[in-house]
Amino acid sequence: MYPELMVMPMREEVSRLGIKETRTAEEVEQAVRQPGTTMVVVNSICGCAAGKMRPAVRAALQNSIRPDQSITVFAGQDREATDKARAFFTGYPASSPSIGILRDGELVYMMQRSDIETSDPRSIADKLTQAFNQFCSKTAAK
């Protein structure tokens with residue numbers, strides 16, 4: 001685990017986007033169990049989170065269609081919360097950074113580290129925007 005002073009700016013960068021920070025397993029569970037769509041951002045101290053994922057999430061959230069709510073956990077810092085979030089990513093190995101979209105607690109979209117580290121922020125934002133349009137629209141098939 002890194003000193004909190006090191007990760008605080010990375011936490012704040014995501015929180016400033018209106019993404020709720022969840023630091024316990026209970027907070028994750030409570031958020032994910034809300035009806036509708038939830039984007040779960042697994043934040044990380046790595047360079048691909050800083051240079052690719054966080055800027056891409058910021059850009060994607062400019063879309064008119066967005067998840068009903070968005071939460072974040074910080075890998076390597078808030079272990080219980082991160083483990084709980086990853087438990088909802090059925091069929092995918094743990095990776096950070098990563099982004100999942102859940103509808104009524106069920107995974108409908110997953111972007112893993114391998115997708116993030118091999119793309120530029122614009123491409124990541126475009127993929128997230130497409131996922132928002134497909135899965136977060138009020139008329140999206142349930």
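Assorted remarks:
- Within segment 128-142, considering residues that are over 14 Å from GLN62 (Cα atoms) and small (Gly, Ala, Ser), the one modelled with the lowest pLDDT: ALA141
- Number of positions in segment 1-20 that are surrounded by fewer than 13 Cβ atoms within 10 Å (Cβ to Cβ) and closer than 10 Å to SER70 by Cα: 1
- Wholly enclosed strands (runs of 3 or more DSSP E) of segment 21-139 bearing at least 2 residues out of contact with any Pro (no Cβ under 8 Å at 6 or more places or on another chain), surrounded by 14 or more Cβ atoms within 10 Å (Cβ to Cβ) and of a type outside the set (A, V, I, L, M): 69-74, 98-103
- Out of ASP68, ASP120, sole residue that is modelled with pLDDT of 95 or more, within 19 Å of GLU13 (Cα to Cα) and acidic (Asp, Glu): ASP120
- Pair list, Cβ < 7 Å and 6+ apart or interchain, from segment 39-53 residues that are under 13 Å from VAL73 (Cα atoms) to residues that are part of a strand (DSSP E or B) and small (Gly, Ala, Ser): MET39/SER70; VAL40/GLY100; VAL41/SER70; VAL42/SER98
The values are calculated or read from the model by the stated rules, or taken from the named source; none is laboratory data. Not measured: the values here are computed from a predicted model. Note that each Cβ is placed from the backbone with ideal geometry, even for glycine, and that neighbours are counted across all protein chains shown.
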